[in-house]
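The values are calculated or read from the model by the stated rules, or taken from the named source; none is laboratory data. As the structure is a prediction and not an experimental result, all values here were calculated from the model. Positions of Cβ are backbone-derived with ideal geometry, glycine not excepted, and every protein chain shown enters the neighbour counts.
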Amino acid sequence: MGLLDGKNAIIYGGGGSIGSAIARAFAREGCAVYLAGRTAASLQVLADDIQAGGGQAHPAVVDALDETAVQALGKDPARVKVQVFMLGAGLAGLAGAFYAHVITYISPDQFLPLVTFYVWIAIIIGGPGRTSGAVIGSLILLVFLEGSRFARDFVPGVSEVQMASVRLALVGLSVDARHAVHVA
């Protein structure tokens with residue numbers, strides 16, 4: 001007898017690592033799991049795994065980014081977008097409050113447009129729409145920005161100002177290369 005016997009759960013992103021772990025845990029406790037995601041193959045593999053263990057799993061391909069499909073379900077995509085934006089803004093405000101508490105000093109000089117530019121570049125390099133994309137993009141950007149400081153020692157006759165220009169050019173080329181790979 002499980003804690004969730006007779007209960008139902010809809011797991012969005014069931015084909016991903018977090019969604020599949022949650023689905024498996026719920027199914028172990030007796031819950032009937034309805035798996036929703038964008039890739040039928042990964043959802044079916046998870047459903048077969050849960051059913052092999054004696055659980056109930058029902059996969060369904062759902063793309064929440066398809067506005068026509070969302071409207072067909074009776075939801076207003078514009079309203080959902082506003083709700084997501086407001087939730088994100090609230091979380092950003094909460095993060096700012098925690099940041100101010102930890103730092104104990106806030107100055108407008110801490111928030112230059114260049115910092116925002118670097119965040120966007122990291123997301124673009126890593127691939128938007130992927131959870132791991134921001135982390136991978138941040139690491140690649142960090143290698144370009146910080147690694148090029150040490151490269152100056154190996155390139156004779158290049159000043160710090162020139163290396164800063166090369167650094168920004170490398171970041172721009174990495175974004176262009178990422179875009180070329182994404183489009184192809």
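A compact table of results
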{"quantity": "Hey, Arg79 within 14 Å of the chain's Cα centre (by Cα) and at negative phi or not", "calculated": "no"}
{"quantity": "Leu94 farther than 22 Å from Arg38 by Cβ and outside the structural domain of Thr39 (by TED's automatic domain parsing)", "calculated": "yes"}
{"quantity": "Gln44 being out of contact with any Leu (no Cβ under 8 Å at 6 or more places or on another chain), without any contact (Cβ under 8 Å) to a residue 40 or more places away in the chain, of a type outside the set (Val, Ile, Thr) and surrounded by 12 or more Cβ atoms within 10 Å (Cβ to Cβ)", "calculated": "yes"}
{"quantity": "Any hit, region 152-162, residues being modelled with pLDDT of 75 or more and closer than 30 Å to Pro128 by Cβ", "calculated": "no"}
{"quantity": "Cβ pairs under 6 Å, 6+ apart, first in region 119-147 and within 13 Å of Val171 (Cβ to Cβ), second among the hydroxyl-bearing types (Ser, Thr, Tyr) and part of a helix (DSSP H, G or I)", "calculated": "Ala122/Ser138; Ile125/Ser174"}
{"quantity": "Among the candidates Pro156, Pro128, residue that is outside the structural domain of Gly16 (by TED's automatic domain parsing) and within 24 Å of the chain's Cα centre (by Cα)", "calculated": "Pro128"}
